[in-house]
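Presented below is the structure to which this report refers.
The values are calculated or read from the model by the stated rules, or taken from the named source; none is laboratory data. Here the structure is a predicted model, which is why all the values come from computation and not from measurement. Cβ atoms come from the backbone with ideal geometry, glycine included; neighbour counts cover every protein chain shown. Surface areas here come from the heavy atoms of the whole protein model, side chains and all, with no ligands, DNA or RNA. Shrake-Rupley method; radii C 1.70, N 1.55, O 1.52, S 1.80 Å.
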Amino acid sequence: MQQKRIAVMVSGGGSNLQAIIDAIDSGYIKGCRIAIVISNKAGVFALERARGAGIPGCVITPAEFKDKHEYNRHLLKVLKENDIDYIVLAGYLSILAPEIVDAYRYKIINIHPSLIPSFCGMGFYGSRVHKAVLDYGVKLTGATVHFVDEQADTGPIILQQAVEVQEGDTVDTLSKRVLEVEHKLLPLAVKLLVEGRLKVDGRWVSITKKEE
Ligand code: GAR
(Lines give C-alpha, C1' and ligand atoms only; values in the text may rest on other atoms or scores of the structure.)
Protein backbone atom coordinates (compact mmCIF):
# COMPACT_ATOMS: atom_id res chain seq x y z
CA MET A 1 0.00 0.00 0.00
CA GLN A 2 1.20 3.48 -0.85
CA GLN A 3 2.43 5.59 2.05
CA LYS A 4 0.06 8.34 3.16
CA ARG A 5 1.46 11.84 3.11
CA ILE A 6 0.89 14.04 6.14
CA ALA A 7 1.27 17.80 6.51
CA VAL A 8 1.89 18.91 10.09
CA MET A 9 0.97 22.52 10.78
CA VAL A 10 2.64 24.34 13.66
CA SER A 11 3.08 27.76 15.27
CA GLY A 12 5.52 27.15 18.11
CA GLY A 13 7.82 24.77 19.91
CA GLY A 14 6.65 21.66 18.11
CA SER A 15 6.82 19.14 20.93
CA ASN A 16 3.71 17.47 19.48
CA LEU A 17 5.37 17.42 16.05
CA GLN A 18 8.34 15.70 17.72
CA ALA A 19 6.04 13.11 19.28
CA ILE A 20 4.70 12.25 15.81
CA ILE A 21 8.19 12.14 14.27
CA ASP A 22 9.33 9.78 17.06
CA ALA A 23 6.23 7.59 16.69
CA ILE A 24 6.86 7.20 12.94
CA ASP A 25 10.59 6.55 13.49
CA SER A 26 9.88 3.87 16.08
CA GLY A 27 7.35 2.13 13.83
CA TYR A 28 4.40 2.85 16.18
CA ILE A 29 2.76 4.73 13.29
CA LYS A 30 3.17 2.87 10.03
CA GLY A 31 2.21 3.56 6.44
CA CYS A 32 2.82 7.29 6.38
CA ARG A 33 5.41 9.99 6.40
CA ILE A 34 5.42 13.67 7.21
CA ALA A 35 5.79 15.21 3.76
CA ILE A 36 5.92 18.81 4.97
CA VAL A 37 5.82 20.92 8.11
CA ILE A 38 4.05 24.24 7.61
CA SER A 39 4.42 27.07 10.10
CA ASN A 40 2.47 30.31 10.13
CA LYS A 41 5.34 31.90 12.07
CA ALA A 42 9.00 32.27 11.11
CA GLY A 43 11.80 31.16 13.42
CA VAL A 44 9.82 28.77 15.58
CA PHE A 45 11.56 25.77 17.12
CA ALA A 46 9.17 23.36 15.38
CA LEU A 47 10.96 24.20 12.11
CA GLU A 48 14.29 23.24 13.72
CA ARG A 49 12.76 19.94 14.72
CA ALA A 50 11.59 19.38 11.13
CA ARG A 51 15.06 20.19 9.78
CA GLY A 52 16.63 17.85 12.34
CA ALA A 53 14.41 15.04 11.10
CA GLY A 54 15.09 15.79 7.42
CA ILE A 55 11.50 16.93 6.79
CA PRO A 56 10.91 19.88 4.44
CA GLY A 57 9.61 22.87 6.35
CA CYS A 58 8.01 26.02 5.07
CA VAL A 59 6.76 29.26 6.52
CA ILE A 60 3.55 30.71 5.17
CA THR A 61 2.52 33.81 7.10
CA PRO A 62 -0.73 35.68 6.51
CA ALA A 63 1.24 38.94 6.38
CA GLU A 64 2.81 37.91 3.03
CA PHE A 65 -0.58 38.00 1.33
CA LYS A 66 -3.01 40.67 0.24
CA ASP A 67 -5.79 39.22 2.36
CA LYS A 68 -6.94 36.08 4.17
CA HIS A 69 -8.41 34.67 0.98
CA GLU A 70 -5.06 34.83 -0.87
CA TYR A 71 -3.28 33.31 2.13
CA ASN A 72 -5.67 30.38 2.22
CA ARG A 73 -5.55 29.90 -1.52
CA HIS A 74 -1.78 29.62 -1.31
CA LEU A 75 -1.97 27.25 1.64
CA LEU A 76 -4.35 24.98 -0.27
CA LYS A 77 -2.06 25.10 -3.31
CA VAL A 78 0.94 24.01 -1.21
CA LEU A 79 -1.10 21.15 0.31
CA LYS A 80 -2.25 19.98 -3.14
CA GLU A 81 1.24 20.31 -4.68
CA ASN A 82 2.58 18.11 -1.91
CA ASP A 83 -0.13 15.45 -2.47
CA ILE A 84 -1.20 15.68 1.14
CA ASP A 85 -3.62 13.02 2.37
CA TYR A 86 -3.98 14.17 5.99
CA ILE A 87 -3.34 17.38 7.92
CA VAL A 88 -2.35 17.41 11.58
CA LEU A 89 -2.64 20.67 13.50
CA ALA A 90 0.01 20.30 16.18
CA GLY A 91 -0.03 23.58 18.08
CA TYR A 92 -1.19 25.52 15.02
CA LEU A 93 -2.70 28.60 16.61
CA SER A 94 -4.91 29.81 13.80
CA ILE A 95 -8.22 28.80 12.26
CA LEU A 96 -8.20 27.00 8.91
CA ALA A 97 -10.36 28.53 6.19
CA PRO A 98 -13.60 26.75 5.21
CA GLU A 99 -12.23 25.95 1.72
CA ILE A 100 -9.36 23.97 3.28
CA VAL A 101 -11.65 22.20 5.75
CA ASP A 102 -13.98 21.34 2.90
CA ALA A 103 -11.17 20.02 0.68
CA TYR A 104 -9.95 17.74 3.51
CA ARG A 105 -13.23 16.81 5.28
CA TYR A 106 -12.48 14.43 8.20
CA LYS A 107 -8.85 14.38 7.14
CA ILE A 108 -7.72 17.20 9.41
CA ILE A 109 -7.17 16.65 13.13
CA ASN A 110 -6.25 19.06 15.89
CA ILE A 111 -4.93 18.68 19.42
CA HIS A 112 -6.33 20.98 22.07
CA PRO A 113 -5.01 21.22 25.66
CA SER A 114 -8.32 20.89 27.54
CA LEU A 115 -11.35 18.64 27.74
CA ILE A 116 -13.51 20.07 24.95
CA PRO A 117 -16.14 21.61 25.19
CA SER A 118 -14.53 23.29 28.22
CA PHE A 119 -11.90 25.99 27.79
CA CYS A 120 -11.89 25.96 24.00
CA GLY A 121 -12.95 28.07 21.05
CA MET A 122 -11.82 31.52 20.00
CA GLY A 123 -9.12 32.97 22.25
CA PHE A 124 -8.37 29.68 24.03
CA TYR A 125 -4.98 28.46 22.93
CA GLY A 126 -1.66 27.44 24.47
CA SER A 127 -0.98 28.74 27.97
CA ARG A 128 -4.20 30.81 27.95
CA VAL A 129 -6.15 27.58 28.24
CA HIS A 130 -4.26 26.49 31.36
CA LYS A 131 -4.57 29.96 32.92
CA ALA A 132 -8.34 29.86 32.39
CA VAL A 133 -8.49 26.35 33.91
CA LEU A 134 -6.59 27.51 37.02
CA ASP A 135 -8.61 30.74 37.30
CA TYR A 136 -11.86 28.76 37.20
CA GLY A 137 -10.66 26.25 39.77
CA VAL A 138 -11.78 23.09 37.96
CA LYS A 139 -10.29 19.88 39.33
CA LEU A 140 -10.03 18.12 35.97
CA THR A 141 -8.62 19.25 32.67
CA GLY A 142 -6.92 17.23 29.94
CA ALA A 143 -6.33 16.98 26.23
CA THR A 144 -8.59 16.39 23.24
CA VAL A 145 -7.92 15.33 19.66
CA HIS A 146 -10.77 16.15 17.29
CA PHE A 147 -11.58 16.45 13.62
CA VAL A 148 -11.43 20.00 12.36
CA ASP A 149 -14.59 21.64 11.05
CA GLU A 150 -15.34 25.23 10.11
CA GLN A 151 -15.49 26.56 13.68
CA ALA A 152 -12.87 26.68 16.43
CA ASP A 153 -12.58 23.37 18.33
CA THR A 154 -16.09 22.17 17.44
CA GLY A 155 -15.43 19.13 15.21
CA PRO A 156 -16.22 15.54 16.28
CA ILE A 157 -14.05 14.30 19.14
CA ILE A 158 -11.65 11.42 18.46
CA LEU A 159 -9.79 10.94 21.77
CA GLN A 160 -9.77 12.59 25.18
CA GLN A 161 -7.79 12.04 28.32
CA ALA A 162 -8.24 13.73 31.66
CA VAL A 163 -5.47 15.28 33.77
CA GLU A 164 -6.03 16.19 37.43
CA VAL A 165 -5.37 19.74 38.49
CA GLN A 166 -3.24 19.61 41.62
CA GLU A 167 -3.04 21.94 44.61
CA GLY A 168 -0.47 24.64 43.85
CA ASP A 169 -0.38 24.01 40.08
CA THR A 170 0.90 26.86 37.93
CA VAL A 171 0.42 27.34 34.20
CA ASP A 172 3.88 25.79 33.76
CA THR A 173 3.39 22.69 35.90
CA LEU A 174 -0.09 22.05 34.51
CA SER A 175 0.83 22.57 30.87
CA LYS A 176 3.77 20.19 31.32
CA ARG A 177 1.50 17.40 32.62
CA VAL A 178 -1.08 18.04 29.90
CA LEU A 179 1.66 17.99 27.23
CA GLU A 180 2.80 14.55 28.44
CA VAL A 181 -0.72 13.31 27.74
CA GLU A 182 -0.86 15.14 24.38
CA HIS A 183 2.34 13.39 23.29
CA LYS A 184 0.59 10.02 23.66
CA LEU A 185 -2.86 11.03 22.43
CA LEU A 186 -1.81 12.75 19.19
CA PRO A 187 0.41 9.94 17.85
CA LEU A 188 -2.38 7.46 18.67
CA ALA A 189 -4.91 9.60 16.77
CA VAL A 190 -2.55 9.89 13.77
CA LYS A 191 -2.06 6.12 13.81
CA LEU A 192 -5.84 5.48 13.85
CA LEU A 193 -6.39 8.06 11.11
CA VAL A 194 -3.72 6.64 8.81
CA GLU A 195 -4.96 3.08 9.41
CA GLY A 196 -8.44 4.24 8.33
CA ARG A 197 -9.93 3.22 11.68
CA LEU A 198 -11.90 6.39 12.47
CA LYS A 199 -15.55 6.35 11.38
CA VAL A 200 -17.60 9.50 11.85
CA ASP A 201 -21.33 9.15 12.45
CA GLY A 202 -22.73 12.61 13.16
CA ARG A 203 -20.90 13.83 16.25
CA TRP A 204 -19.72 10.36 17.25
CA VAL A 205 -16.38 8.95 16.13
CA SER A 206 -16.04 5.15 16.35
CA ILE A 207 -12.68 3.45 16.46
CA THR A 208 -12.81 0.26 14.44
CA LYS A 209 -10.68 -2.83 15.13
CA LYS A 210 -7.43 -3.23 13.28
CA GLU A 211 -7.76 -5.54 10.28
CA GLU A 212 -5.57 -8.63 10.69
C1 GAR B 1 -0.08 22.33 22.78
O2 GAR B 1 -0.40 22.33 24.14
C3 GAR B 1 -1.35 22.25 21.95
O4 GAR B 1 -2.35 21.45 22.51
C5 GAR B 1 -1.77 23.70 21.94
O6 GAR B 1 -0.58 24.41 21.74
C7 GAR B 1 0.50 23.68 22.35
C8 GAR B 1 1.59 23.53 21.32
O9 GAR B 1 2.72 22.89 21.87
N10 GAR B 1 -2.74 23.96 20.92
C11 GAR B 1 -3.76 24.79 21.06
O12 GAR B 1 -3.92 25.49 22.05
C13 GAR B 1 -4.74 24.85 19.89
N14 GAR B 1 -5.93 25.53 20.26
P15 GAR B 1 3.85 22.29 20.91
O16 GAR B 1 4.18 23.37 19.89
O17 GAR B 1 5.00 22.03 21.86
O18 GAR B 1 3.32 21.06 20.28
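Select from region 23-43 the residues that are assigned to a strand (DSSP E or B) and among the polar types (S, T, N, Q) and list them in ascending order. Outline the logic, then answer.
In the first step, residues of region 23-43 are kept if they are assigned to a strand (DSSP E or B); the result is 32-39.
The one that is assigned to a strand (DSSP E or B) and among the polar types (S, T, N, Q): Ser39.
Considering only region 166-188, state which residues are among the hydroxyl-bearing types (Ser, Thr, Tyr) and part of a helix (DSSP H, G or I). Spell out how you get there, then give the answer.
Of all residues in region 166-188, those among the hydroxyl-bearing types (Ser, Thr, Tyr) come to 170, 173, 175.
Within region 166-188, Thr173, Ser175 qualify.
Would you confirm whether any residue within region 149-165 is open to solvent by less than 50 Å² (accessible area, probe 1.4 Å), in contact (Cβ under 8 Å) with a residue 60 or more places away in the chain and assigned to a loop (DSSP other than H, G, I, E, B)?
Within region 149-165, not a single residue is open to solvent by less than 50 Å² (accessible area, probe 1.4 Å), in contact (Cβ under 8 Å) with a residue 60 or more places away in the chain and assigned to a loop (DSSP other than H, G, I, E, B).
Report yes if Ile60 is more than 30 Å from Trp204 (Cβ to Cβ) and either within 16 Å of the ligand (Cβ to nearest atom) or surrounded by 14 or more Cβ atoms within 10 Å (Cβ to Cβ) (or both), otherwise no.
Details: more than 30 Å from Trp204 (Cβ to Cβ): yes; either within 16 Å of the ligand (Cβ to nearest atom) or surrounded by 14 or more Cβ atoms within 10 Å (Cβ to Cβ) (or both): yes.
Spelling it out, Ile60 is indeed more than 30 Å from Trp204 (Cβ to Cβ) and either within 16 Å of the ligand (Cβ to nearest atom) or surrounded by 14 or more Cβ atoms within 10 Å (Cβ to Cβ) (or both).
Considering each of Ile116, Ile109, Ile87 in turn, give the residue that is modelled with pLDDT of 95 or more and closer than 15 Å to Ala35 by Cα. Break it down stepwise before answering.
Working: Ile116 fails: closer than 15 Å to Ala35 by Cα; Ile109 fails: closer than 15 Å to Ala35 by Cα.
When all the criteria are applied, what remains is Ile87.
Taking only pairs six or more apart or across chains, which ones have beta-carbon atoms under 7 Å, a first residue in region 89-104 that is assigned to a helix (DSSP H, G or I), and a second residue that is within 12 Å of the ligand (Cβ to nearest atom) and at pLDDT 95 or above?
Val101/Val148
Only one of Ile21, Ile38, Ile34 is within 15 Å of the ligand (Cβ to nearest atom), modelled with pLDDT of 95 or more, open to solvent by less than 20 Å² (accessible area, probe 1.4 Å) and over 23 Å from Gly155 (Cβ atoms); which? Walk me through it before giving the result.
Numbers: Ile38 fails: over 23 Å from Gly155 (Cβ atoms); Ile34 fails: over 23 Å from Gly155 (Cβ atoms).
So the residue among Ile21, Ile38, Ile34 that is within 15 Å of the ligand (Cβ to nearest atom), modelled with pLDDT of 95 or more, open to solvent by less than 20 Å² (accessible area, probe 1.4 Å) and over 23 Å from Gly155 (Cβ atoms) is Ile21.
Among the residues of region 74-113, how many are under 16 Å from Gln151 (Cβ atoms) and within 11 Å of the ligand (Cβ to nearest atom)? Let's see the steps before the verdict.
In the first step, residues of region 74-113 are kept if they are under 16 Å from Gln151 (Cβ atoms); the result is 89, 92-102, 104-106, 108-110, 112.
Restricting the remaining residues to those that are within 11 Å of the ligand (Cβ to nearest atom) gives 89, 92-95, 110, 112.
Going through region 74-113 one residue at a time, the tally reaches 7.
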